[in-house]
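**Q** There's a structure below that I have some questions on.
The numbers here are math on the coordinates, done by the rules we state, and not lab data. Computed from a predicted structure; not experimentally measured. For neighbour counting, all protein chains shown are included, and Cβ atoms are generated from backbone atoms with ideal geometry for every residue, glycine included.
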Amino acid sequence: MIWKILTAVLAIIVIIMAAVLLKIRAQLRDINDQLDFLYENDTNMLIGTDTNLIYLGQFKQRVNRFVEQWHKKRAEAAKKEQMISDTYTNLSHDIRTPLTSLDGYFQLLKDEKDEKLQAHYIGIIQERIASLKDILEELFMFTKLKNDTFNLEMDKCCVSRLLKQTVFSYYDEWKMRGIEPVVDICDEQIFILANTQALKRVFQNVIKNGLVHGKSDIEIKLYTIDSGKNAGSDRENKVVNIVVSNTIDDPENIDTSQVFERFYKADEARSVTSSGLGLSIAKELVERMGGKIHAQIEDNRFCINISYRII
């Protein structure tokens, strides 16, 4: 009698186990089908199951975590690809404009006999070629910054000396435009942790923004401030601030929260000498080097403030 009961119990257990195994097999087959569907179709769906048997449920959760990460990375890749595509499309207009202008001035130069007019046309042609070079350099830097493998090597950098050198490099342009910039840079050597070439590019882009979009004045200042003491330390945190400002005609039309976006106010503000990427590149470089950058308007002056901790 006992053997009959045991046999019956074992038979029931075997039947139950067989049913469970068949269910698990069916669910795994269904999961495989869902994964194939996800691979072949653009959808944000997650894996679903008809049962939450302990291990099968855990397996589903882990698979869905990978699926969610895959969705996120795919969306980020699509966004980056669209952003770069939009950038190329926008810049194609900026490149085409000076190229068309160059063609026209070359035709004028070819037919012109007056030496003064020839010199005038040559000057314009040189300016257009320089603007094309600037646009291509900005595009190259923007593309590099969007590459996840791009890395800036940081080292001790004398920010005060580098800013003076960058300002001086614009001497001919100041003179040509009849601008006498107000420059207030302390004589003290101030060091920060940065990439020298990247920091120079930041200064160039910010100064050029003032030259292109501002009126006929510009102020460049560098000064240090104490931002308080470290917790548990007697050492004060010193910060260097670099402020570049210029007068603007229509301060109410500038959204300072958007000025670092690509092609901000493109139709109104961009010109043949501007790529529309300068401030966007400056912001990304500053932040990659551990600094801060923001824009504000004070008394009809557009100000860009860059700050770094002094080492």
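**Q** With N denoting the number of residues in the stretch 120-189, provide Rg(C-alpha) divided by 2.2 N^0.38 Å, to two decimal places.
**A** 1.52
**Q** May I pose another question? Mind checking the stretch 100-144 for trypsin sites (Lys or Arg not before Pro) that DSSP puts in a loop (not H, G, I, E or B) and that have at most 14 other Cβ atoms within 10 Å?
**A** Listed in order of number, the matching sites are K113.
**Q** Something else now. Taking the chain on its own, what percent of its Cα-Cα pair distances exceed 32 Å? Kindly include the intermediate steps, with their values, before the conclusion.
**A** Numbers: 24765 of 48205 pairs.
Tail of P(r) above 32 Å: 51 percent of Cα pairs.
**Q** Something else about it: Using a 10 angstrom cutoff on alpha carbons, build the Gaussian network for the chain and name the most mobile of L21, L35, L99.
**A** Of L21, L35, L99, the Gaussian network model singles out L21 as fluctuating most.
**Q** Calculate for the chain the 222 nm mean residue ellipticity that helices alone would give, adding -39,500 (n - 2.57) per DSSP H run of length 4 or more and normalising by residue count, nearest 500 deg cm²/dmol.
**A** Details: 8 runs with 178 residues, N = 311.
Dividing the helical sum by the residues of the chain leaves -20000 deg cm²/dmol.
**Q** What number comes out for the charge environment of L117, summing +1 per Lys or Arg and -1 per Asp or Glu over other residues with Cβ under 14 Å away? Please list the in-between numbers first.
**A** Values: positive: K110, K113, K116; negative: D111, E112, D114, E115.
Its environment carries a net charge of -1.
**Q** Hey, another quick one. What does the extension gain come out to for N44 and W70, with contour length at 0.36 nm per residue minus their alpha carbon separation?
**A** Numbers: separation 26, 0.36 × 26 = 9.36 nm, distance 0.97 nm.
Extending this stretch completely gives an extra 8.4 nm.
**Q** Same structure, new question: Report, in listed order, any pair from K110/K208; K133/K238; K144/K238; K133/K164; K79/K221 with a Cα-Cα distance greater than 28 Å.
**A** On the way: K110/K208 32 Å; K133/K238 38 Å; K144/K238 32 Å; K133/K164 24 Å; K79/K221 38 Å.
Beyond 28 Å between Cα atoms: K110/K208; K133/K238; K144/K238; K79/K221.
**Q** Give me the Kirkwood hydrodynamic radius of the stretch 110-245, using the inverse of the mean 1/r over all pairs of distinct Cα atoms, in Å to one decimal.
**A** Working: mean 1/r = 0.0556 Å⁻¹.
After inverting the mean inverse Cα-Cα distance, the result is 18.0 Å.
**Q** For the pair N147 and I122, what calculated FRET efficiency results from E = 1/(1 + (r/R0)^6), where r is the Cβ-Cβ distance and R0 = 35 Å, to the nearest 0.05? Kindly include the intermediate steps, with their values, before the conclusion.
**A** Details: r = 38 Å, r/R0 = 1.08.
Once rounded, the FRET efficiency stands at 0.40.
**Q** Next question. Largest first and in whole Å, give the semi-axes of the stretch 1-150's equivalent ellipsoid, each being the square root of 5 times a Cα gyration tensor eigenvalue. Don't skip to the answer; put the middle values down first.
**A** Values: eigenvalues 1122, 30, 11 Å².
One finds semi-axes of 75, 12, 7 Å for the stretch 1-150.
**Q** Now, a different point. Between the alpha-carbon centers of the stretch 117-174 and the stretch 9-43, tell me the distance in whole angstrom.
**A** Their Cα centres are 62 Å away from one another.
**Q** Top mean-square fluctuation among V183, V159, V240, Gaussian network model of the chain, C-alpha springs under 10 Å?
**A** Comparing V183, V159, V240 in the GNM, the peak value goes to V183.
**Q** Next question. Relative contact order for the chain: what percent, with Cα pairs under 8 Å and sequence separation of 6 or more?
**A** Details: 353 pairs, mean separation 47.4, N = 311.
Relative contact order of the chain: 15 percent.
**Q** Something else: Taking only C-alpha pairs under 8 Å that are 6+ residues apart, what is the relative contact order of the stretch 1-150 in percent? If you can, show how the numbers build up before the last one.
**A** Values: 46 pairs, mean separation 22.5, N = 150.
Here the relative contact order equals 15 percent.
**Q** Could you list the chymotrypsin sites (Phe, Trp or Tyr not before Pro) in the stretch 111-209 that lie in coil according to DSSP, counting only those with at most 11 other Cβ atoms within 10 Å of their Cβ?
**A** F150
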